[in-house]
């Protein structure tokens, strides 16, 4: 069953002057373009949220109402938002100030788009990019890309001084940069280890190839010299030399010479491969040094409310849940995403008292890590990953939407 589209707000223009603003359902014109009806005629959309009344038009009977989101894109240029549908719930990521986020939420509310939650963003989207804000939409009522392009066509960053960013936005960006640098450091260390192992393997292969090439070269040179001496002896001892025999010997000399040249060429190619590997190794070492030089401290909470919530969480961990170490962005996730923490604290307490009773399942390709579902107060989409580290437990708290990035991070540990 196709989802019914919402009416879109459209500004009608004639000769660059605004004529009217209307809410209409999109229509498919005879040439395949998208238009809206106004006073008995259908005018095409020139760009997102704008319709020009200067050119072509058609009658409503010739342009049926669209039953699903149009596939034809209306040029919107570079946008400040991204819609991510990779998880169980669609997320709208917004890049900009808190005022821009507020204007976006206002437009969504005016179009009756249900918003479940919103706030600073601490993790990567489906594209791998980091964003300033997230808006979690109701999966049963989320608009498509085309509808969002119409709703947010005229939304823009307000004119505010660069230093007017709120402490919450500054704190979110600092935490985001911290996680990004930590991930880059882990990736650089892994790439460096891979490059070193490949260089060692190729060095051993090169040494073997060099040894075999030297042996083959000496053997072929000896055989060629012996054959040349045999030809000279035949010519000096026999008045009439068999031309067929001489031609056969010359052919054999040519074959041996070609084999020697091939062996030398293989040696040269192996030398070039080692040079390229050394260059790659140096680049990996430089990347590791750059990542290690970046600050890796966890930024302090920006507001008193966040500081108080963070202090309460640390007190619970220290007094009621000793032996639990939260890793990556677990603390931020608990403070912003977990509304009801009873299930989380119960599983962490059970992990300390009776780990077998937690009932976790092994995470594929992540050595020693186990996974168990948990409630967040909004559903059962929370995820708890844990691993024994000496006498303590390393714990990552996240949700199903972030599983691809979480699995990649767990495999790197």
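For region 95-113, which residues satisfy the criterion of being surrounded by fewer than 19 Cβ atoms within 10 Å (Cβ to Cβ) and in contact with a strand residue (DSSP E or B) (Cβ under 7 Å, 6 or more places away or on another chain)?
If the condition is that a residue be surrounded by fewer than 19 Cβ atoms within 10 Å (Cβ to Cβ) and in contact with a strand residue (DSSP E or B) (Cβ under 7 Å, 6 or more places away or on another chain), then 105 is the only one that fits.
Using the structure shown, decide if residue 218 is at pLDDT 80 or above, loosely packed, with under 14 Cβ neighbours inside 10 Å, assigned by TED's automatic domain parsing to the domain that holds residue 284 and touching a helix residue (DSSP H, G or I) at 6+ places or on another chain (Cβ under 7 Å).
Considered against the rule, which asks whether it is at pLDDT 80 or above, loosely packed, with under 14 Cβ neighbours inside 10 Å, assigned by TED's automatic domain parsing to the domain that holds residue 284 and touching a helix residue (DSSP H, G or I) at 6+ places or on another chain (Cβ under 7 Å), residue 218 comes out as no.
Output the qualifying pairs, or none if there are none: Cβ atoms under 7 angstrom, residues six or more apart or on different chains, first residue in region 99-111 and touching a residue at least 60 places away in the same chain (Cβ under 8 Å), second residue crowded, with 18+ Cβ neighbours inside 10 Å and in a helix (DSSP H, G or I).
Filtered contacts from region 99-111: 111/151.
In region 119-138, what residues are surrounded by fewer than 19 Cβ atoms within 10 Å (Cβ to Cβ) and at pLDDT 85 or above?
119, 138
Where residues in region 2-36 are outside any strand (DSSP E or B) and over 37 Å from the mean Cα position of the chain (by Cα), which of them is nearest to residue 107 (Cα to Cα)?
That would be 16.
Starting from residues that are more than 17 Å from residue 262 (Cβ to Cβ) and without any contact (Cβ under 8 Å) to a residue 12 or more places away in the chain, keep the ones in region 195-221 and report whichever is nearest to the chain's Cα centre (by Cα).
Ranking the qualifying residues of region 195-221, first place goes to 197.
Tally the residues that are surrounded by 15 or more Cβ atoms within 10 Å (Cβ to Cβ), at pLDDT below 90 and more than 25 Å from the chain's Cα centre (by Cα), restricting the search to region 377-413.
Going through region 377-413 one residue at a time, the tally reaches 1.
Just one of 263, 204, 247 is out of contact with any strand residue (DSSP E or B) (no Cβ under 9 Å at 6 or more places or on another chain) and within 30 Å of residue 285 (Cβ to Cβ); which is it?
Numbers: 263 fails: within 30 Å of residue 285 (Cβ to Cβ); 247 fails: within 30 Å of residue 285 (Cβ to Cβ).
Unique residue meeting the criteria: 204.
Of the conditions (1) buried (at least 17 other Cβ atoms within 10 Å of the Cβ); (2) closer than 28 Å to residue 186 by Cα; (3) touching a strand residue (DSSP E or B) at 6+ places or on another chain (Cβ under 7 Å), residue 323 fails just one. Which one is it?
Every listed condition holds for residue 323 apart from (1).
Return the pairs, sorted by first residue and then second, in which the second residue is surrounded by 14 or more Cβ atoms within 10 Å (Cβ to Cβ) and part of a helix (DSSP H, G or I), the first residue lies in region 250-271 and is in contact (Cβ under 8 Å) with a residue 60 or more places away in the chain, the beta carbons are less than 9 Å apart, and the residues are 6+ apart or on different chains.
270/202; 270/206; 270/209; 270/210; 270/213; 271/206; 271/210
Go through region 231-256 and report how many residues are at pLDDT 75 or above and surrounded by fewer than 14 Cβ atoms within 10 Å (Cβ to Cβ).
Taking region 231-256 and keeping what is at pLDDT 75 or above, we get 231-233, 244, 247-256.
Add one more test, that the residue is surrounded by fewer than 14 Cβ atoms within 10 Å (Cβ to Cβ), and what stays is 232-233, 244, 247-248, 250-252, 254-255.
So the count comes out to 10.
Across region 332-357, which residue is surrounded by the fewest Cβ atoms within 10 Å (Cβ to Cβ) among those that are under 17 Å from residue 401 (Cα atoms) and in contact with a strand residue (DSSP E or B) (Cβ under 8 Å, 6 or more places away or on another chain)?
Ranking the candidates gives 336 first.
The values are calculated or read from the model by the stated rules, or taken from the named source; none is laboratory data. Note that the structure is a prediction, hence the values are computed from the model and not measured. Glycine also receives a Cβ, built like all others from the backbone with ideal geometry; neighbour counts cover every protein chain displayed.
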